[in-house]
1. Would it be correct to say that Lys18 is of a type in the set (D, E, K, R), more than 19 Å from Ser115 (Cβ to Cβ) and in contact (Cβ under 8 Å) with a residue 12 or more places away in the chain?
2. For the list (1) at pLDDT 90 or above; (2) of a type outside the set (D, E, K, R); (3) open to solvent by 50 Å² or more (accessible area, probe 1.4 Å), I need the number of the one condition that Gln33 fails.
3. Considering only the range 80-100, I want to know if a residue exists there that is part of a loop (DSSP other than H, G, I, E, B) and out of contact with any Asp or Glu (no Cβ under 7 Å at 6 or more places or on another chain).
4. If we keep just the residues of the range 1-30 that are assigned to a loop (DSSP other than H, G, I, E, B) and under 19 Å from the mean Cα position of the chain (by Cα), which is modelled with the lowest pLDDT?
5. Please enumerate the residues belonging to the range 36-69 that are among the charged types (D, E, K, R) and open to solvent by less than 90 Å² (accessible area, probe 1.4 Å).
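The values are calculated or read from the model by the stated rules, or taken from the named source; none is laboratory data. What you see is a predicted model, and the numbers here were worked out from it, not measured in a lab. Note: ideal-geometry Cβ built from the backbone for every residue, glycine included; neighbour counts use all protein chains shown. These accessible areas exclude ligands, DNA and RNA; they are computed on the full protein's heavy atoms, side chains included. Shrake-Rupley method; radii C 1.70, N 1.55, O 1.52, S 1.80 Å.
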Amino acid sequence: MIFIIVVLYQWLFIPILKRKVGYVRVDGTMFYQYKTKWQLPFEIAVIIAAVLCIVFFTPKLELWSVAFVPLGFIVILVVRGILEKKYDAYLRHHIISFVQAFAIMVAFVGIFIYSTLMK
């Protein structure tokens, strides 16, 4: 069910949202274009911090330690959105970054609430 929702989100919702907000496609590369020289090291540090938190907190938090993964995604997407708004606001890429951060947050909060209720 989650897989179907993700597919619908990526193939239906995001393209419709891009058209509605006037998202401007940038030619040249298929890779993300970093806005500052500290952004890539920051994202790598967030990933490393999430993995280390999972390793160190799993004995205490057990399965709940996986919450560090979506938290890392959210932090990265929010920082990307802030930098995209600051440096290239006319492209409207920041809107997609913020929407994706919000979608990840809602999805994982929903999963954690569901798992708590089912427990």
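1. Considered against the rule, which asks whether it is of a type in the set (D, E, K, R), more than 19 Å from Ser115 (Cβ to Cβ) and in contact (Cβ under 8 Å) with a residue 12 or more places away in the chain, Lys18 comes out as yes.
2. Every condition holds for Gln33 apart from (1).
3. Within the range 80-100 (the criterion being part of a loop (DSSP other than H, G, I, E, B) and out of contact with any Asp or Glu (no Cβ under 7 Å at 6 or more places or on another chain)), the answer is yes, since at least one residue qualifies.
4. So the first thing to find is which residues in the range 1-30 are assigned to a loop (DSSP other than H, G, I, E, B), and the list is 1, 22-30.
From what's left, under 19 Å from the mean Cα position of the chain (by Cα): 23, 30.
Values: Tyr23: 85, Met30: 67.
Among those that are assigned to a loop (DSSP other than H, G, I, E, B) and under 19 Å from the mean Cα position of the chain (by Cα), it is Met30.
5. Glu43 - this is the single residue of the range 36-69 that is among the charged types (D, E, K, R) and open to solvent by less than 90 Å² (accessible area, probe 1.4 Å).
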